[in-house]
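S.K.: Structure incoming, see below.
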Amino acid sequence: MSEERIERLLARLPLEDRVRLLTGETAWKLYALPEIGLRQMTVSDGPIGVRGVTEQRLSSAQLPAPSAMAATWDAELIADLGRIMAAEAVAKAADVVLAPVVNLQRTPVAGRHFECFSEDPLLSGRMATAFVEAVQAEGVGVCVKHFVGNDSETERTSYVARIAPRALREVYLAPFEQVVRDGKPWMVMAAYNAVDDGVESSPATEHDRLLAGVLKGEWGFDGVVVSDWLATKSTVESARTGLDLVMPGPGGPWREHLLAAVRGGEVPEKAIDEKVRRLLRLAERVGALDGTPPAAPRNSGDDPATVATLRSAAARATVVLRNETSLLPLRPDIQRIALIGANALDPFVQGGGSAHVVPPHVASPLAEIARAFPDAEVTAHRGGTTRRHLPLLDGGAFDGGAFEIEVLDAAGSVVQRRTESAPWSGRVTELPDAADTVRVRTTLRPTAPGDHLVEVAPVGRHHVSVDGRTLSESERIAGPEVVLDSSANHPEGVTTAVEITEPRDVEVIAEVQAVTPGSFVRFAHVEVRHQEPGPSVEDEIAEAVAAARRADVAVVVVGTNDETESEGWDRPHLDLPGRQNDLVRRVAEVNDRTVVVVNAGAPVLLPWLDEVPAALWWWLPGQEAGGSLADVLTGAVEPTGRLPWTLPARAADVPVPHAIPVDGVVDYAEGLDVGHRGWDRLGRVPAREFGFGLGYSTWQYGDAVQTGPRQVTVPVVNTGARRAREVVQAYLTAPGQDRPVRWLAGFAAVEVDPGAAAAVAVDVPQRAFEMWDESAGIWRIPAGEYILQVGRSSRDLRSSVRITVETAS
Ligand code: BGC
């Protein structure tokens, strides 16, 4: 019925209209065609919430980062979060959420690591499928991204991911395949990078074998393939293959160029029709042909049910890395808690880049821990800054002043004036067409005697003066690419010390380039940062250590920050920023009840991990940060997390330590051995292995038995003192075969009371046995013996069953 309707509508559309539909009207909106009852459709980023598309950023529920979601290994919980996403999309009048990300955490330094679920294809595919089903059941579309090989950020819009066909099938395409076949997403995003599978090397937006052949052909994907933003570089090549929609708009390589190409016979009209058919199918699915306009976008994310789910999800996702003296959960009668660390005061709740959302609030660890321990004295100590840059100028030295902003045209005439009050992000948007340069002027009124540090950080061509002296100047023009490079969010600045003996005015004048070559990229950016004279990092560490000495329990929150984890760059190393390792060691020396909480999305090295009594991996926990940590510390919620990636002990051991392209190529030379498989292949010992997580109980495993052709059942007993959840993991090995040493084949969880036993059945999908036969281009199960090992993690395997496959298939 609906396909017939789509054909009827399609038949009514002249070629101009059909082609017009295939490029966005704006950065986030598609064209409407009222004459056929098609309203404008809106897409909006994920995967941490729904960002919304208005300039006045509205609040949105801010979820724990996807790796935290995957750490739950809990499809039902992921579905709860998916339903929150769908509600957020409705609140932002978005028809499609640009999530989930099912690229793999191939290297721990990858900038968007936190946006991905896991280093493992099976776990990623499972989590993504649960998410997609839950979102779309509410009538909101998802866009699974970034198809494919988009696993790092260095040269991200141009690198060629060279992936051999078998690794491509068994590893990088695998989560896409599972989610497309089982979750049936309505949109897939083609990545920025190119893919070389040994047969075809072309940009992901025009990869015929992958888009037309695999995704739409083999897997039967019937939705829309959209390009990543600004990713489409060609007219004919991209239009002839599987790409359906170019974003953002207006402009871009299709529009009138595509119309001409169709008229000139370079792109067949039936290719256009197929794309429009898919767009109309999407419109029908999201209700854009129903005649009902979406409601106005609104603030959201703080209704009690959402808050409760987000709090519990972040607590459950937390991974217990160590709990030597059963320090955790903390006893309710402790008297003095010293809460320490820059991330304790200002938790890093989400990574940077397109996933960024404005949360309705961020629950403070200090307030929530104080609430959870009402009889204790809880004090907070930063223990030194961990940031490279100074803080943004705020009220203190500013004395109620403002930023005077003048927009100048190329002739130097002022075409617009505005003011901003502190703290101000430094970004000037909604520029008039004539904008060429933006002049920002502000006056500091520092009063405290001593050296005040002032840092001014512009993007692009600029001239900056502080206190009458030129601080920095450059003629280097920033192009539209800066929007794709998140370092523009923390531009490098130049710092100067201004000596204050008595209060006086210090003038800052910055003239910066307006970056305006297109509707999607239209801004000027200059950050003014300032730091009062104050205690040094060493002084702050000493103060924190003194507080720890006096306390019954020291809770040290270490972690990364928005200068560290973001879209747009890969990390140069795996170290914690600043002197956090020092801080932990010195606190642990004076307090033998020290709990270290790691607030990071991607692995960081924890050289003291086995020297402290307790350690938790707390992820990028989202808006309910404080409450989730309090619940874990009190034990109100069990931290049930199991690592969805491997935590290295030493940087030198990491199997894929970086993804720096060589001559533009990222060679996926490790083949099938991604993540934990690589650690197993190389026989290296990580700090904590894939699948690791202690929880708050202990478990006894009985002998596994085979209970179906592809099912294993294992008896487990909760031998601890509290109700708890166990994730039983099953790994396959195939001695003598050309396979990874072992690979995750299935998992199942159980939650039982203390002393209770349960039989946990783990189903292993057929695909786990199959391997891709490169020469025949088909999946096969080789005959032979398979060993299915079950246990608590990839390296804590408790028993196994042998499964013999007599004849190959
Ligand atoms: C990112 C995508 C995102 C898009 C729109 C791109 O730079 O790679 O993940 O959906 O921008 O913001």
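S.K.: Kindly indicate the residue of region 502-560 that is buried (at least 22 other Cβ atoms within 10 Å of the Cβ), under 30 Å from V428 (Cβ atoms) and touching a helix residue (DSSP H, G or I) at 6+ places or on another chain (Cβ under 7 Å) and also modelled with the lowest pLDDT among those meeting that condition.
M.R.: V515
S.K.: Has region 231-242 got any residue that is touching a residue at least 40 places away in the same chain (Cβ under 8 Å) and open to solvent by 30 Å² or more (accessible area, probe 1.4 Å)?
M.R.: no
S.K.: Report yes if some residue within region 217-224 is farther than 23 Å from E7 by Cβ, open to solvent by 30 Å² or more (accessible area, probe 1.4 Å) and away from the ligand (no atom under 16 Å from the Cβ); otherwise report no.
M.R.: Yes, that holds for at least one residue.
S.K.: I'm told D17 meets every condition in (1) more than 30 Å from G351 (Cβ to Cβ); (2) buried (at least 23 other Cβ atoms within 10 Å of the Cβ) except one. Can you identify the failing condition by its number?
M.R.: Tallying (1) more than 30 Å from G351 (Cβ to Cβ); (2) buried (at least 23 other Cβ atoms within 10 Å of the Cβ), D17 fails exactly one: (2).
S.K.: Could you grab me the full set of residues in region 673-692 that are in contact (Cβ under 8 Å) with a residue 40 or more places away in the chain and surrounded by fewer than 18 Cβ atoms within 10 Å (Cβ to Cβ)? Give the derivation first.
M.R.: Step one: of region 673-692, the residues in contact (Cβ under 8 Å) with a residue 40 or more places away in the chain are 673-677, 680-681, 686-692.
Answer for region 673-692, where residues must be in contact (Cβ under 8 Å) with a residue 40 or more places away in the chain and surrounded by fewer than 18 Cβ atoms within 10 Å (Cβ to Cβ): just R681.
S.K.: Looking for whichever is over 27 Å from V101 (Cα atoms), crowded, with 24+ Cβ neighbours inside 10 Å and touching a residue at least 60 places away in the same chain (Cβ under 8 Å) here; the options are L633, L643, L616, L620. Which one fits?
M.R.: L633
S.K.: Next up: Restricting the search to region 282-326, which residues are out of contact with any strand residue (DSSP E or B) (no Cβ under 8 Å at 6 or more places or on another chain) and over 27 Å from W618 (Cβ atoms)?
M.R.: E284, G287, D290, G291, T292, P293, A295, A296, P297, R298
S.K.: Here is a follow-up. Take the residues of region 153-191 that are under 21 Å from R739 (Cβ atoms) and of a type in the set (D, E): which is surrounded by the most Cβ atoms within 10 Å (Cβ to Cβ)?
M.R.: Only one residue tops the list, namely E170.
S.K.: Another question, if that's okay. Say whether the condition of being part of a loop (DSSP other than H, G, I, E, B) and buried (at least 16 other Cβ atoms within 10 Å of the Cβ) is met by at least one residue in region 268-287.
M.R.: Let us first name the residues in region 268-287 that are part of a loop (DSSP other than H, G, I, E, B), namely 268, 287.
Now drop any that are not buried (at least 16 other Cβ atoms within 10 Å of the Cβ), which leaves none.
No, there is no match, as no residue in region 268-287 is part of a loop (DSSP other than H, G, I, E, B) and buried (at least 16 other Cβ atoms within 10 Å of the Cβ).
S.K.: For S238, state whether it is away from the ligand (no atom under 16 Å from the Cβ), over 18 Å from G777 (Cβ atoms), in contact with a Ser or Thr (Cβ under 9 Å, 6 or more places away or on another chain) and not in a helix (DSSP H, G or I). Please lay out each step first, then the result.
M.R.: Details: away from the ligand (no atom under 16 Å from the Cβ): yes; over 18 Å from G777 (Cβ atoms): yes; in contact with a Ser or Thr (Cβ under 9 Å, 6 or more places away or on another chain): yes; not in a helix (DSSP H, G or I): no.
So S238 fails the test.
S.K.: Identify, from the list A91, A79, A87, the residue that is more than 18 Å from the chain's Cα centre (by Cα), open to solvent by 10 Å² or more (accessible area, probe 1.4 Å) and either among the small types (G, A, S) or modelled with pLDDT of 95 or more (or both).
M.R.: Exactly one of A91, A79, A87 is more than 18 Å from the chain's Cα centre (by Cα), open to solvent by 10 Å² or more (accessible area, probe 1.4 Å) and either among the small types (G, A, S) or modelled with pLDDT of 95 or more (or both), namely A87.
S.K.: Out of (1) open to solvent by less than 20 Å² (accessible area, probe 1.4 Å); (2) within 16 Å of the ligand (Cβ to nearest atom); (3) more than 19 Å from A600 (Cβ to Cβ), the odd one out for I369 is which?
M.R.: Going through (1) open to solvent by less than 20 Å² (accessible area, probe 1.4 Å); (2) within 16 Å of the ligand (Cβ to nearest atom); (3) more than 19 Å from A600 (Cβ to Cβ) one by one, I369 breaks only (2).
S.K.: Hey, among the residues in region 430-444 that are over 34 Å from the mean Cα position of the chain (by Cα) and closer than 19 Å to E455 by Cβ, which one's most open to solvent (accessible area, probe 1.4 Å)?
M.R.: Here the answer is R441.
S.K.: Given the conditions (1) open to solvent by 30 Å² or more (accessible area, probe 1.4 Å); (2) in a strand (DSSP E or B), report the number of the one that V762 does not fulfil.
M.R.: All conditions are met except number (1).
S.K.: Just the residues that are among the polar types (S, T, N, Q) and within 12 Å of the ligand (Cβ to nearest atom), please, taken from region 348-362.
M.R.: Here is the first cut: in region 348-362, the residues among the polar types (S, T, N, Q) are 350, 354.
Listed by number, the list holds a single entry, S354.
S.K.: I'm told G702 meets every condition in (1) open to solvent by less than 30 Å² (accessible area, probe 1.4 Å); (2) not assigned by TED's automatic domain parsing to the domain that holds V741 except one. Can you identify the failing condition by its number?
M.R.: Looking at each condition in turn, G702 falls short on (2).
S.K.: Checking S487 against (1) within 16 Å of the ligand (Cβ to nearest atom); (2) within 24 Å of D409 (Cβ to Cβ), which single condition isn't satisfied?
M.R.: (2)
S.K.: Looking only at region 249-262, filter to residues that are touching a residue at least 40 places away in the same chain (Cβ under 8 Å), open to solvent by 10 Å² or more (accessible area, probe 1.4 Å) and in a loop (DSSP other than H, G, I, E, B); which one of those is nearest to the ligand (Cβ to nearest atom)?
M.R.: Going through the qualifying residues, I end up with G252.
S.K.: Restricting the first residue to region 573-593 and requiring it to be more than 30 Å from A659 (Cβ to Cβ), which pairs with a second residue that is polar (S, T, N, Q) and crowded, with 23+ Cβ neighbours inside 10 Å meet a Cβ separation below 6 Å and a spacing of at least six or different chains?
M.R.: V587/T594; A588/T594
S.K.: With the structure loaded, tell me whether P572 is surrounded by 16 or more Cβ atoms within 10 Å (Cβ to Cβ) and either part of a helix (DSSP H, G or I) or not β-branched (V, I, T) (or both) or whether it fails that test. Show your work before the answer.
M.R.: Details: surrounded by 16 or more Cβ atoms within 10 Å (Cβ to Cβ): no; either part of a helix (DSSP H, G or I) or not β-branched (V, I, T) (or both): yes.
Here the answer is no, as P572 does not meet what is asked.
S.K.: So, one more: Limited to region 460-484, what total is found for residues that are touching an Asp or Glu at 6+ places or on another chain (Cβ under 9 Å), open to solvent by less than 60 Å² (accessible area, probe 1.4 Å) and not in a strand (DSSP E or B)?
M.R.: Of the residues in region 460-484, 3 are touching an Asp or Glu at 6+ places or on another chain (Cβ under 9 Å), open to solvent by less than 60 Å² (accessible area, probe 1.4 Å) and not in a strand (DSSP E or B).
The values are calculated or read from the model by the stated rules, or taken from the named source; none is laboratory data. Every value quoted in this text rests on a predicted model; they were computed, and no experiment measured them. Cβ coordinates were reconstructed from backbone atoms using ideal geometry, including for glycine residues, and neighbour counts include every protein chain displayed. Quick note on the areas: whole protein, heavy atoms, side chains included, nothing else; ligands and nucleic acids left out. Shrake-Rupley method; radii C 1.70, N 1.55, O 1.52, S 1.80 Å.
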